[in-house]
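One structure below.
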Amino acid sequence: MLKFLKIIVLINFLNLKIFACALCALYTPTAHVSFMGKSIKWEFSSNFSQTLLDGFDKNNDKKLDGKELIEIRVNLLDYLIPKNFLTSLKYYDLPLGETQKINFNVKNVNVKFDKVLFLEYDLDYDFTPQIDRVLVFNIKDEDGFFNFLIKENTYKLDNFIIDENINLNAAYYQIVSNKTQIKDKKQIIKIVQKETNNELIQSLKKIYKNILDFLVLLQEKLILLLKENNILFYPLALIYGFLHALLPSHGKTLSASYFMNSKRKIIGFALKVGFFHLISAFIISSFLSIFDLLNLGRISGLLISFLALILLYIKIHKIKTTKITQSNNITNLKNFSIKKQDSKILKIIKSPNTLDNFSAFIIGLMPCPGLILVLGLLSSLGAKAFICAILIALGMSLAIFLSAFIVTRFTFSKKIEILSLVFVFFLGLFIGLSQ
């Protein structure tokens, strides 16, 4: 059990303390849960399954079976049974029905490994479906060792149409009508439209998941080539870093806002971001236990908001200066009296080099676990792992450069500039306060 929990705690650190991007969430022990009424299936993420494979595959046959699966099953049940499998069921009747808890028994627990780890079990409980009754399924680990995502469209009821509302680890299934009693054409149209919208959302989610799965495979291939000392890992590391950074986050929004209507040098800025990514990843991989005490997600988010406020101040101050200059027909800004009002601290903050360095530092403060994972191989692979990390960082810098370069090809109004910085400010607050 201790070995199993150590694996979970390590991966939780990479997820909770490094709030960097969507792909990084694949490093947490996340289970995609299918709720099918009387049965439940957990499908663990590829990276977590690979970590378990590395930890429990005693005969090195690249699969988990026999005693290995029994050991994992025992460890899981030791944690899940006292917590009722982290599962709760209840229901209420609309519009003002009182919530009723549903007691259940768990039986037929099964653990299997087919590329990823699966946990399956059946639920024995009493529930009478009726129109306007809402069944609530919740699965949550209060201790934070597991994260859950509930799959859509897995719960079906014969002869009933269900309106589902899923919010990460909680699902609300409202029974809206009986299929055999539908007569209203408007109701039929509304149901068909809803099903069509759900299919579109599911298609987009599937495409996004396929992209993430591809990058996971790319990373696994990269680590394999690195261990085999195959020369192909050099270009693959650069490609992986670039594609990885194209996903949400990685500072592209902040970089784009920063370079709106700007003539600053983008290449130097992008390389600085890559440098800070590399340095922070190296420090964290070397002193993991120390950084486990820090909430770097909160720090990074609040620093992003702080930087957005600085940029907003500079932007608004510049707009006011331009208006005053134009109204007084002043053409020589070097002699403009408003400049003398700035304190020494403000002059330093408004310096382009200071802003570039501070912005690059904030973007690079929260490195991706992919970089940390590669740098964690330094002790066994030495310089090759470090070269690989440099190439990944350069690929990420290339993505940052691309986002900033595209923005500089267009001219934006002052309102758009200010709105973009306001958006970055609230985005930073969301990241910081949600940790």
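Cβ-Cβ distance of S413 and R264, R₀ of 22 Å, FRET efficiency by 1/(1 + (r/R0)^6): the value works out to about 0.70.
Once every Cα of the range 26-128 carries one equal point scatterer and solvent is ignored, give the base-10 log of I(q)/I(0) from the Debye formula at q = 0.15 Å⁻¹, two decimals. Calculated log10 I(q)/I(0) at the listed q: -0.69.
Sorted by average packing, counted as other Cβ atoms within 10 angstrom per residue and highest first, what order do 49-57, 386-394, 302-310 take? Walk me through the intermediate numbers first.
Working: 49-57: 17.0, 386-394: 22.7, 302-310: 19.6.
Packing order, densest peptide first, comes out as 386-394, 302-310, 49-57.
Read the figures in this text as sums done on the coordinates, not as results from a lab. All values reported here derive from a predicted model rather than from experimental measurement. All Cβ positions, glycine included, derive from the backbone under ideal geometry; neighbour counts span all protein chains shown.
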